[in-house]
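Engineer: Dropping the structure in here first, questions after.
The values are calculated or read from the model by the stated rules, or taken from the named source; none is laboratory data. Here the structure is a predicted model, which is why all the values come from computation and not from measurement. Heads up, the Cβs are rebuilt from the backbone with ideal geometry, glycines too, and the neighbour counts pull from every protein chain shown. For the accessible areas, the whole protein counts, side chains as well, though only heavy atoms, and no ligand, DNA or RNA atoms are used. Shrake-Rupley method; radii C 1.70, N 1.55, O 1.52, S 1.80 Å.
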Amino acid sequence: MTPLFFFGTLRHQPLLDIVLGRVLSPEPAHLPGYRVACAEGESFPMLAEDAGRIAEGVLAHGLTEDDIARLNFYEGAFSYDLVDVTAEGATGPVPARVFMPKEAPWQPGADWHLPDWVDQWGPLTLIAAGEVMRAFGRETPEQVAARFPIIRARAQSYVLAAARRRPVTVSSPLTRNEVELTSLARPYEKFFTVEEYQTRFRRFDGTWSDTGARAIFNVGDAVTVLPYDPARDMVLLVEQLRIGAYAQGDPQPWLLEPVAGIVDAGESYEETAYRETREEAHAELTALHKVAGYYPSPGGIAQYLVSYIGITELVDDRRKVGGLESEGENIRNLLVPYEQLVTMLETGELVNAPLILSVQWLMLNRDRLRA
């Protein structure tokens, strides 16, 4: 079978192992007449024709039909096709094939370097590739591509969680090393995922628990923003149908909330806060004040939230319905005076937890913000 030339991310051995589902050791090679360039505005590279350059890469020999099917599935999610080329291997010119974009929608930028990419995107990409390849055989590349942004966002949440450290004063010194994972199943893996764990853990007396089942709902990290105008002493709330409330039988499933959104891959929590406020509230923030970072319901939901108060100018002349039509959103926004907001909290009109938390923080810090 014709060997494949890998010039980009599949040169990263751990990623190639995940995609193939086995270990394969390619040989160093290069492709004359091309350079490996960053795709402008993206996190991946592309081949750019350049008569005076040589694209470094590797040649993968001994690929099976299953290997090709898995590679086609993975690269197909990115709209890539296999193209015939002549690469230079250890023994000279070698007929090979390389994945090229179908319509080359990107513009080449600066030279791309694998070590730099591994440092910035490697861990996230490995996690995302695991989810992509779990769909092999049950979804089409197009179906995977449609949800690839949330796959990467969920992968980023794992990366962020691994780096997270909390102060330990009265907390237990126990870590995840005191949890033994026996099995992990994913019976549902779409925009959200459901995961079923079999685990045992070290008890506080030092003994080990019996193995037990735990199921969690995996979402991805998110932020909430309560836009506040200190000059007018008003906040902006958004309202939309929430299927969770509907599913529980709530007769009033349209809920008042702060602005909220999932953190996209490559975004900071702050960047998401600014972006989501533009999308949902049509407002520009001038400052952010962090309320808290927290797990909303860690007994069954794998998600970390960061809530903010966002300082902005709230005007009456604004678009009052927002959200992205591409995501099926229909979000009303409304201005509420501070005193009315406090009354709504006291009467129970506010039932969204991040909103309640943010309003309570605002009650403690309002005078400082207004000053």
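Engineer: 7 Å from Cα along Cα→Cβ at both Glu142 and Ser297: what's the point-to-point distance in nm?
Structural biologist: Taking the two extended label points, one gets 3.5 nm.
Engineer: Within region 105-143, which residues have the backbone N less than 13 Å from the label spot 7 Å out from Ala69 along Cα→beta-carbon, could you tell me?
Structural biologist: 136-139
Engineer: Using a Förster distance of 41 angstrom, determine the FRET efficiency expected from the C-beta separation of Glu40 and Arg176, and round it to 0.05.
Structural biologist: Values: r = 39 Å, r/R0 = 0.95.
After rounding, the FRET efficiency stands at 0.60.
Engineer: Oh, and also: With θ taken as phi - 60° and the coefficients 6.51, -1.76 and 1.60, list the Karplus ³J(HN,Hα) couplings across region 58-71 in order, rounded to whole Hz; mark glycine and proline as x.
Structural biologist: Result, ordered by residue: 9, 10, 9, 9, x, 6, 9, 4, 5, 4, 4, 4, 5, 5 Hz.
Engineer: Still on this structure, please answer the following. Residue by residue, what Karplus-based ³J(HN,Hα) values in Hz, rounded to whole numbers, does region 123-135 have, using 6.51, -1.76 and 1.60 with θ = phi - 60° and x for Gly and Pro?
Structural biologist: So the Karplus estimates, Gly and Pro as x, are x, 4, 5, 5, 5, 5, 5, x, 5, 4, 6, 5, 8 Hz.
Engineer: Over region 11-52, give the accessible area per residue in Å² for a 1.4 Å probe, as an integer.
Structural biologist: Accessible surface, normalised per residue, equals 47 Å².
Engineer: Please work out the FRET efficiency for the pair Arg22 and Arg275, using the Cβ-Cβ distance as r and a Förster radius of 51 Å; give the result to the nearest 0.05.
Structural biologist: 0.80
Engineer: Also: State, in angstrom, two size descriptors of region 66-222 derived from its alpha carbons: Rg to one decimal place and Dmax to the nearest whole number.
Structural biologist: When restricted to Cα atoms, region 66-222 yields Rg and Dmax of 20.9, 66 Å.
Engineer: Please state the Cα pair-distance histogram of region 38-99 with 10 angstrom bins from zero: what percent is in each bin?
Structural biologist: 17, 47, 32, 4
Engineer: In Å², and per residue, what accessible area does region 163-288 have when probed at 1.4 Å with the other protein chains present?
Structural biologist: 58 Å²
Engineer: Okay, next question. Could you pull out which residues in region 84-124 have an amide N less than 17 Å from a spot 7 Å beyond the Cα of Ser268, following the Cα-Cβ vector?
Structural biologist: Label zone hits: 120.
Engineer: Shifting gears a bit: Could you please state, rounded to a whole Å, how far the C-alpha centre of region 228-257 is from the C-alpha centre of region 99-147?
Structural biologist: Going from one Cα centre to the other spans 36 Å.
Engineer: Under 10 Å, Cα contacts only: if you run a Gaussian network model on the chain, which one of Gly328, Gly122, Gly261 comes out with the highest mean-square fluctuation?
Structural biologist: Top of the fluctuation ranking is Gly328.
Engineer: Something else now. Could you work out [θ]222 nm for the chain from helices alone, using -39500 (n - 2.57) per DSSP H run of at least four and dividing by all its residues? Round to the nearest 500 deg cm²/dmol.
Structural biologist: -9000 deg cm²/dmol
Engineer: If ligands, DNA and RNA are left out, what is the accessible area of Asp250 with a 1.4 Å probe, given in Å² to the nearest 10?
Structural biologist: Probe radius 1.4 Å; accessible area of Asp250 about 60 Å².
Engineer: For Leu256, what residues show an amide H to amide H distance below 5 Å, using hydrogens built from the backbone and excluding near sequence neighbours?
Structural biologist: Here Val351 satisfy the definition.
Engineer: How compact is region 222-320 by the rule of thumb for globular proteins, expressed as Cα Rg over 2.2 N^0.38 Å? Let's see the in-between values first.
Structural biologist: Values: Rg = 14.3 Å, N = 99, 2.2 N^0.38 = 12.6 Å.
Against the empirical 2.2 N^0.38 Å value, I get 1.13 for region 222-320.
Engineer: Over all distinct alpha-carbon pairs, what is the Kirkwood Rh of the chain in angstrom?
Structural biologist: Kirkwood radius, the chain: 23.9 Å.
Engineer: Taking the Cα centre of the chain as origin and charging only Cβ (+1 Lys, Arg; -1 Asp, Glu), how large is the dipole, in debye to the nearest 20? Show your work: numbers first, answer last.
Structural biologist: Values: 34 positive and 52 negative charges, 211 e Å.
Roughly 1020 debye for the chain.
Engineer: At 7 Å along Cα-to-Cβ for each site, give me the label-to-label distance between Gln13 and Arg214 in nm.
Structural biologist: Here the answer is 3.4 nm between the modelled labels.
Engineer: Now for a separate question. How many angstrom lie between the Cα centre of region 27-77 and the Cα centre of region 339-357?
Structural biologist: 54 Å
Engineer: Which three numbers, in whole Å and largest first, are the semi-axes of the equivalent ellipsoid of region 261-371 derived from its Cα gyration tensor as √(5λ)?
Structural biologist: Semi-axes, largest first: 21, 20, 16 Å.
Engineer: Relative to the present Cα-Cα distance, how much length would full extension add between Phe191 and Ala162 at 0.36 nm per residue of separation?
Structural biologist: Length gained between Phe191 and Ala162: 8.3 nm.
Engineer: Rounded to the nearest 0.05, what FRET efficiency is calculated for Lys320 and Thr91 with R0 set to 56 Å and r the Cβ-Cβ distance?
Structural biologist: After rounding to 0.05, the efficiency reads 0.25.
Engineer: Here is a further query. Ignoring ligands, DNA and RNA, please state the percent of accessible area on the chain from carbon and sulfur, probe 1.4 Å. Show your work: numbers first, answer last.
Structural biologist: On the way: 10340 of 19650 Å².
The nonpolar share, carbon plus sulfur, comes to 53 percent.
Engineer: Also, I was wondering about something else. Rank His282, Gly300, Gly206 by how far each Cα sits towards the positive end of the charge dipole of region 202-324 (+1 on Lys, Arg Cβ; -1 on Asp, Glu Cβ) and give me just the farthest.
Structural biologist: Gly206
Engineer: May I ask you to derive the relative contact order of region 25-114, considering only C-alpha pairs under 8 Å and at least 6 residues apart, and to give it as an integer percent?
Structural biologist: Numbers: 156 pairs, mean separation 31.1, N = 90.
Relative contact order comes out at 35 percent.
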